[in-house]
Structures are given as C-alpha cells and as structure tokens.
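Beneath this line is the structure, given in structure tokens, with notes to follow.
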Amino acid sequence: MKKSKVRKLLCKIGIHKWSRKTYIDYGSTSNVKNWKRYCMICGKRQSWVQAKGDKERFRGK
Ligand SMILES: [Zn+2]
C-alpha cells in the first residue's frame, strides 16, 4: 500500500513508470515511425514520431 502511494506521487510530479516502447511502422512508403508508450501506474499515454534511419536530421529539426 505504501509503495503504490509513493508511485502515484511520482506520477504527479511527472516521473512515470513507462512501459516498453512500441512503434507503428506505416510501411516502406513512410519515412517515420510512430512510437508509443504508457505509464504502468497511472495509465498516461505518450506518443511521438521519429524519422527512420536519419537521427541527425530529426535532431536538427
Ligand atoms: Zn504515471
């Protein structure tokens, strides 16, 4: 009980316990991947897009 209270507190201040990242690949015609993950404590979801095979360009944007 004590532990879960602490975890929820961490979520409140933005420190989530993220699940494994999974991605959706839209196929070879797409040059981006859509990553998703969620918090295993509060269920918060997060998603972002990453360019395929070209991290430098993505970072420089
Ligand atoms: Zn959370």
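The values are calculated or read from the model by the stated rules, or taken from the named source; none is laboratory data. None of the values given here were measured: they were computed from a predicted structure. Note: ideal-geometry Cβ built from the backbone for every residue, glycine included; neighbour counts use all protein chains shown.
Could you check, for segment 52-60, whether at least one of its residues is within 16 Å of the ligand (Cβ to nearest atom) and either at pLDDT 95 or above or in contact with a Ser or Thr (Cβ under 9 Å, 6 or more places away or on another chain) (or both)?
Scanning segment 52-60, I find no residue that is within 16 Å of the ligand (Cβ to nearest atom) and either at pLDDT 95 or above or in contact with a Ser or Thr (Cβ under 9 Å, 6 or more places away or on another chain) (or both), so the answer is no.
Looking only at segment 41-52, count how many residues are more than 27 Å from Gly27 (Cα to Cα) and exposed (fewer than 13 other Cβ atoms within 10 Å of the Cβ).
Matching residues across segment 41-52 total 1.
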